[in-house]
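I have placed the structure first, in the form of structure tokens, so that the comments after it can refer back to it.
The values are calculated or read from the model by the stated rules, or taken from the named source; none is laboratory data. Just so you know, these numbers come straight off a predicted model, no measurement behind them. Methodologically, a virtual Cβ is constructed for each residue, glycine included, from the backbone with ideal geometry; neighbour enumeration extends over all protein chains shown. What goes into the accessible areas is simple: the full protein's heavy atoms, side chains included, and nothing from ligands, DNA or RNA. Shrake-Rupley method; radii C 1.70, N 1.55, O 1.52, S 1.80 Å.
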Amino acid sequence: MFEITPITLEFGIGPQPTAKDFAAVRIAGYAAVLNVRPDNENGNYLVSGDARPLAENQGLTYAHSPSNNHALFETDIIDRFERALTELPKPIFAHCKSGTRTAILWALVASRHRKTKDVIADLRDAGQEIEFLEDELRESAAEVKGSLLRLKDDALLSLGRSKLLGGSRRD
């Protein structure tokens, strides 16, 4: 059975949907699908070109922001995921093969705007255990927070104040 794990009121994660699962995403109240699984990854699954029309037929906005597991901590991958979070209608359902990669990418973005320990706590509350990445989350956030160029983007600044990244309970 296809399951969506809500991380915040505006963001949920899950495994790779099948053709029939896009209706469940819509029924669950999501407005957009963000696919981070590369089309060339091993396995039998819907590639983005096949998934996009299925999502759109359900009235969902679809975006593809592929990331290989080994590239999760690369700044351009995190930036691309963050940009998608700012541009897609909310709430957003994000997926990869299992949902773990999307949880990590969300944590990398959220750590740019919130305390890392609170981001990890939110994921733990949702059943995602990523404490083992705490140091990497802090380092990644510190790199980006030090960039003066990043402070010039109004969309990214407003993302830090949105419900998408959580924070109402702890920050």
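Given (1) within 27 Å of A142 (Cα to Cα); (2) among the aromatic types (F, W, Y); (3) in contact with a strand residue (DSSP E or B) (Cβ under 8 Å, 6 or more places away or on another chain), identify the lone condition not met by Y62. The failed condition is (1). Contact annotation: residue pairs with Cβ atoms under 8 Å, 6 or more positions apart or on different chains, pairing a residue in segment 75-92 that is closer than 13 Å to L165 by Cα and charged (D, E, K, R) with a partner that is assigned to a helix (DSSP H, G or I) and modelled with pLDDT of 90 or more, are E82/V109.
Going through segment 92-121 one residue at a time, which ones are under 30 Å from R52 (Cβ atoms) and over 14 Å from the mean Cα position of the chain (by Cα)? Before you say what the answer is, go through the steps one by one.
Our first condition is that a residue be under 30 Å from R52 (Cβ atoms); within segment 92-121, this holds for 92-113, 119.
The answer is H113, and nothing else.
Return the residue satisfying two criteria in turn: it lies in segment 97-117 and is of a type outside the set (A, V, I, L, M, F, W, C) and in a helix (DSSP H, G or I), and of such residues it is most open to solvent (accessible area, probe 1.4 Å). So, considering only residues that are of a type outside the set (A, V, I, L, M, F, W, C) and in a helix (DSSP H, G or I), the one most open to solvent (accessible area, probe 1.4 Å) is K117. When segment 104-121 is filtered for residues that are closer than 23 Å to R37 by Cβ and either in contact (Cβ under 8 Å) with a residue 60 or more places away in the chain or among the hydroxyl-bearing types (S, T, Y) (or both), the ones remaining, listed by number, are L105, W106, S111.
Of everything in segment 5-45 that is assigned to a loop (DSSP other than H, G, I, E, B) and in contact with a helix residue (DSSP H, G or I) (Cβ under 7 Å, 6 or more places away or on another chain), the residue that is surrounded by the most Cβ atoms within 10 Å (Cβ to Cβ) is V36. Take the conditions open to solvent by less than 10 Å² (accessible area, probe 1.4 Å) and assigned to a helix (DSSP H, G or I) and apply them to E82. Does it pass? When the stated conditions are applied, E82 passes them. Screening L54 with (1) closer than 28 Å to D125 by Cβ; (2) hydrophobic (A, V, I, L, M, F, W, C); (3) touching a residue at least 24 places away in the same chain (Cβ under 8 Å) gives one miss only, at (1).
Screening G127 on (1) at pLDDT below 90; (2) within 30 Å of A55 (Cα to Cα); (3) in a loop (DSSP other than H, G, I, E, B) shows it passes everything except condition (1).
Among the residues of segment 46-65, those identified as more than 11 Å from the chain's Cα centre (by Cα) and either in a loop (DSSP other than H, G, I, E, B) or of a type in the set (K, R) (or both) are L46, V47, R52, Q58, G59, L60.
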